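Undergrad: I'd like to ask some things about the structure below.
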Amino acid sequence: MLVRGVWPSRPSFESYTADFDELRGEMLRLLDAAGAASAFDAGVFPPVNVSQDDDTVFVRAEVPGIKAEDLEISAVRNRLVLAGRREIPREHERVSYHRQERPEGAFRRAVTLPAEVDPEHVEARYADGILTLSLTKAEQAKPRQIVVKT
Amino acid sequence: MSNEWKTGLQRTEKPNLAKGPEQTRPGPTYTPAADIFENDDTITVLADIPGVKAADLQIDLRDDVLTLSGRASAGTTASESPVLREYAVGTFFRQFTLSDTIDQAKIDANLKDGVLRLELPKAERARPRQIRIRAE
């Protein structure tokens, strides 16, 4: 709930951004409650889903119709960069289009991962237009059971 | 650099299906982006359906209405906990009305890397038939 005095004494830049942060948090919460899937849409191609278990970070991206050799993937610490180009092959010249909706072009996107990963142990698979990356977490980023001494 | 930015691939939302037959399976339904073009003897339909396996795709043509329906699989395992979710997985559904009659015996459907390519040769009117999908 936003509560403000009628005459805020000395409005500063910080207080305005704090209000926007609060508003943004509230909107995300409402969108989540309404079941909106894209509350965290970065607006950058390709859309990615990130998940993790104890040892691995999984990144999945919807990239239909791309050749595997046109994908460029690099990982440093907890930062992953996906780059590539989607090209739609030209059809024979004597065709007339009814619809042309499928996009093409180049993309380069960075994703911040929830943990540092070991760049030596990244597995990438491309099937059915979905790119799946399995990134093994760096040894120091894995959760550890801590034994309490008595 | 700025030029590259302009021609870069933009992220577009998978549009939710606005109308059409109600789905019996729960979950979101999306309209796949499609290219449709024709020459003198063939109509070709290309559709982006990432995550749909050939076995989960149905293509149906009857009474000049072409129906594409495919269920995408998320491919996640039970032990994973989500961190970031930018796209949802659901059913792709789209219908087209074809103005030309199609030779149904010669329809070719090919699914590769999440892109369906459907070649519909023009011909005289034929009877409804389910279309088999060739996986690659």
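The values are calculated or read from the model by the stated rules, or taken from the named source; none is laboratory data. Keep in mind that this is a model prediction, so the values were computed, not measured. Neighbour counts run over all protein chains shown; Cβ positions are idealised from the backbone, glycine included.
Undergrad: Quick one: count up the residues across region A:99-123 that are in a strand (DSSP E or B), exposed (fewer than 15 other Cβ atoms within 10 Å of the Cβ) and of a type outside the set (S, T, N, Q).
TA: Total meeting the criteria: 7.
Undergrad: Follow-up. Quick one: which residue in A:59, A:81, A:63, A:44 is modelled with pLDDT of 90 or more and at the interface with chain B (Cβ under 8 Å from one of its Cβ atoms)?
TA: A:63
Undergrad: Within region A:84-98, track down each residue that is more than 7 Å from chain B (Cβ to nearest Cβ) and either within 16 Å of the chain's Cα centre (by Cα) or in a strand (DSSP E or B) (or both). Show your work before the answer.
TA: Here is the first cut: in region A:84-98, the residues more than 7 Å from chain B (Cβ to nearest Cβ) are A:84-85, A:87-90, A:93.
Within region A:84-98, A:84, A:85 qualify.
Undergrad: So, one more: Which residue, of B:93, B:37, is part of a strand (DSSP E or B) and facing chain A (nearest Cβ under 10 Å)?
TA: Result: B:37 is the single residue among B:93, B:37 that is part of a strand (DSSP E or B) and facing chain A (nearest Cβ under 10 Å).
Undergrad: When you look at residue A:79, is it without any contact (Cβ under 8 Å) to a residue 60 or more places away in the chain and under 30 Å from residue B:118 (Cβ atoms), yes or no?
TA: So residue A:79 does not fit the description; no.
Undergrad: Can you work out which of the residues in region B:23-77 that are farther than 21 Å from residue B:134 by Cβ and β-branched (Val, Ile, Thr) is surrounded by the most Cβ atoms within 10 Å (Cβ to Cβ)?
TA: Looking at the filtered set, the residue picked out is B:29.
Undergrad: Would you mind stating whether residue B:84 is under 13 Å from the mean Cα position of the chain (by Cα) and of a type in the set (A, V, I, L, M)?
TA: Working: under 13 Å from the mean Cα position of the chain (by Cα): no; of a type in the set (A, V, I, L, M): yes.
No: the conditions fail for residue B:84.
Undergrad: Let me ask you something else. Taking only region B:32-47 into account, find how many residues are modelled with pLDDT under 90 and hydroxyl-bearing (Ser, Thr, Tyr).
TA: The total comes to 1.
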